[in-house]
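This report refers to the structure that appears directly beneath it.
The values are calculated or read from the model by the stated rules, or taken from the named source; none is laboratory data. Keep in mind that this is a model prediction, so the values were computed, not measured. Methodologically, a virtual Cβ is constructed for each residue, glycine included, from the backbone with ideal geometry; neighbour enumeration extends over all protein chains shown.
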Amino acid sequence: MSEAGASLARFSTAERWVHRSFGVLMGTCLLTAFALYYGPISLAVGHRHTVELIHVWAGYALPAPLLLGLVSAAYRSDLGVLNRYSREDWRWLRSKNRRDGSFEVGKFNAGQKLNAALTAGSVIVLVGTGTLMFWTGLVRLSWRTGATFVHDWFALGLGLLVLGHLWFAFSDPEAREGMRTGVVSRRWAEREHRAWAGAERREP
Amino acid sequence: MGRRIVLGLLGLGAAGVVGGASFSRKLSDALAPAELHDPTGLLSTLPVGPVFRYYSVTGGVPHRSEQSYQLRVDGLVAQAATYRLADLEALPQTSFVSDFHCVSGWSVPGDEWSGVALSELLDRAEPASSARAVRIRSFDGTYTESLSLEDARLPHVVVALRMLGDPVSHDHGGPVRMYVDGHYGYKSTKWLSGIELTDNEIPGYWERRGYPLKGVVGE
């Protein structure tokens, strides 16, 4: 805090690349999904087979950056952090004043952890149900109807999740810069991720 | 904990695949009254279901009016003919109620269809003895479909002029589209422009992209 202009390393190069490529693929999936699902746009865009192929292959590519990232130790360690919910996290989730700096927030706040888990789970479900819809010979019609139902609702949920993610990102320029450059100011870290900033001070 | 959320979602997804068909039917029955009185129209854009989804395989599809619409019947026939919309309206009409099933899984039960039985047009064209199948074209300029002559003569295979109680709208493939009962939606060509009799069944647009040639619902 007293060290003016001091900065902290937040994301490694590998992690930023995982985020960037996952983001591009996710954007592709969601935009093409909209064109495939919403009637007026479907007809305006047309070219259903092309849009469908882009959607399907971008969808299959989605898990690739998440899996390739596993070669990076920093990414693996962050996955571990995302998986663990402390008592403080539950308190954070239930509170109304979670943004006032009175919580011991680690590298990720509980909302970010939830976002990560919901996104990962949704992607697996969407890839699975999408497979049943695309290769129509795999299961009987009623399961395909079920797969379509699940795919539609999970896509809607994931779309809203991504919009929420973008909303938080765009309301915090420094958080965005952290993902773009990998580095954040100590001041920002003390405000948003106090426990993490504290731990980073102890072991520089 | 994060892992448990992921596993929970997977369980939810699997349950939805197995039970989603009947659950979505109940959900849409429950929501139907609300949907009728929803001024925003938002409910009908949610995946609660049975709504038609609009597909087009090309860029824009030209509009055809009552005056400009033409259906050509030709190929291996003695009497090639061109029908205008009024000509089709003057022929005997077949009406029935049936469920529409898309091969990808969505369906719309209990739709009213009405139009000229394809067998009626085939009889008038007098197919040659070498004719084995029909090739169906769309005025979108790209889409084609095919039916064996045997299937083409089934009573509920119609050149549809009306669906859901109204003339077939442009988005639904109007003014004239095919409806092939008991087959997946891709067999029911939208924006119908031509019926050609051929000596063998030529795979259509989606069949060249991997869909089965027969396309019978449930197979």
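Within region A:64-93, restricting attention to residues that are at pLDDT below 95 and more than 11 Å from chain B (Cβ to nearest Cβ), which residue is surrounded by the fewest Cβ atoms within 10 Å (Cβ to Cβ)?
Step by step, filter region A:64-93, then rank; the result is A:Arg87.
So how many residues does region A:159-191 have that are small (Gly, Ala, Ser), without any contact (Cβ under 8 Å) to a residue 12 or more places away in the chain and touching a helix residue (DSSP H, G or I) at 6+ places or on another chain (Cβ under 7 Å)?
1
Inspect region A:21-32 for any residue being in a loop (DSSP other than H, G, I, E, B), more than 14 Å from every other protein chain (Cβ to nearest Cβ) and surrounded by 14 or more Cβ atoms within 10 Å (Cβ to Cβ) and give the result as yes or no.
Scanning region A:21-32 turns up no residue that is in a loop (DSSP other than H, G, I, E, B), more than 14 Å from every other protein chain (Cβ to nearest Cβ) and surrounded by 14 or more Cβ atoms within 10 Å (Cβ to Cβ).
Of the conditions (1) more than 26 Å from A:Trp143 (Cβ to Cβ); (2) in contact (Cβ under 8 Å) with a residue 40 or more places away in the chain; (3) not aromatic (Phe, Trp, Tyr), B:His37 clears all except one; give me its number.
The number of the failed condition is (2).
Which residue out of B:Asp171, B:Asp181 is more than 11 Å from chain A (Cβ to nearest Cβ) and either out of contact with any Asp or Glu (no Cβ under 8 Å at 6 or more places or on another chain) or in contact (Cβ under 8 Å) with a residue 40 or more places away in the chain (or both)?
B:Asp181
Given the criterion touching a Ser or Thr at 6+ places or on another chain (Cβ under 7 Å) and either over 13 Å from B:Ile195 (Cα atoms) or within 14 Å of chain A (Cβ to nearest Cβ) (or both), identify the matching residue among B:Val108, B:Val51.
B:Val51
Given the structure, is A:Thr131 polar (S, T, N, Q), crowded, with 20+ Cβ neighbours inside 10 Å and closer than 30 Å to B:Ser104 by Cβ?
For A:Thr131, the condition - polar (S, T, N, Q), crowded, with 20+ Cβ neighbours inside 10 Å and closer than 30 Å to B:Ser104 by Cβ - is not met.
Report, by residue number, each residue of region B:72-105 that is buried (at least 19 other Cβ atoms within 10 Å of the Cβ) and within 14 Å of chain A (Cβ to nearest Cβ).
B:Phe100, B:His101, B:Cys102, B:Val103, B:Ser104, B:Gly105 - these are the residues of region B:72-105 that are buried (at least 19 other Cβ atoms within 10 Å of the Cβ) and within 14 Å of chain A (Cβ to nearest Cβ).
Being assigned to a helix (DSSP H, G or I) and hydrophobic (A, V, I, L, M, F, W, C), is that true of even one residue in region A:1-13?
The answer is no; no qualifying residue exists.
Among the residues of region A:114-149, write down those that are under 21 Å from B:Gly2 (Cβ atoms), out of contact with any Pro (no Cβ under 8 Å at 6 or more places or on another chain) and within 8 Å of chain B (Cβ to nearest Cβ).
Those that are under 21 Å from B:Gly2 (Cβ atoms), out of contact with any Pro (no Cβ under 8 Å at 6 or more places or on another chain) and within 8 Å of chain B (Cβ to nearest Cβ): A:Leu114, A:Ala116, A:Ala117, A:Leu118, A:Ala120, A:Gly121, A:Ser122, A:Val125, A:Gly128.
Scan (1) β-branched (Val, Ile, Thr); (2) modelled with pLDDT under 95; (3) over 30 Å from A:Val139 (Cβ atoms) for the single condition B:Val116 breaks and write down its number.
Looking at each condition in turn, B:Val116 falls short on (2).
Let me confirm something: among B:Ser44, B:Ser28, B:Ser22, which residue is touching a residue at least 12 places away in the same chain (Cβ under 8 Å) and not hydrophobic (A, V, I, L, M, F, W, C)?
When all the criteria are applied, what remains is B:Ser28.
In region A:99-113, is there at least one residue being at the interface with chain B (Cβ under 7 Å from one of its Cβ atoms) and farther than 21 Å from B:Leu10 by Cβ?
no
Of everything in region B:9-26, what is within 7 Å of chain A (Cβ to nearest Cβ) and of a type outside the set (A, V, I, L, M, F, W, C)? Give them in sequence order.
Of everything in region B:9-26, those that are within 7 Å of chain A (Cβ to nearest Cβ) and of a type outside the set (A, V, I, L, M, F, W, C) turn out to be B:Gly13, B:Gly16, B:Gly19, B:Gly20, B:Ser24.
Could you tell me which residue of region B:106-115 is surrounded by the most Cβ atoms within 10 Å (Cβ to Cβ), considering only residues that are in contact with a helix residue (DSSP H, G or I) (Cβ under 9 Å, 6 or more places away or on another chain) and either basic (Lys, Arg) or under 14 Å from B:Ser188 (Cα atoms) (or both)?
B:Gly115
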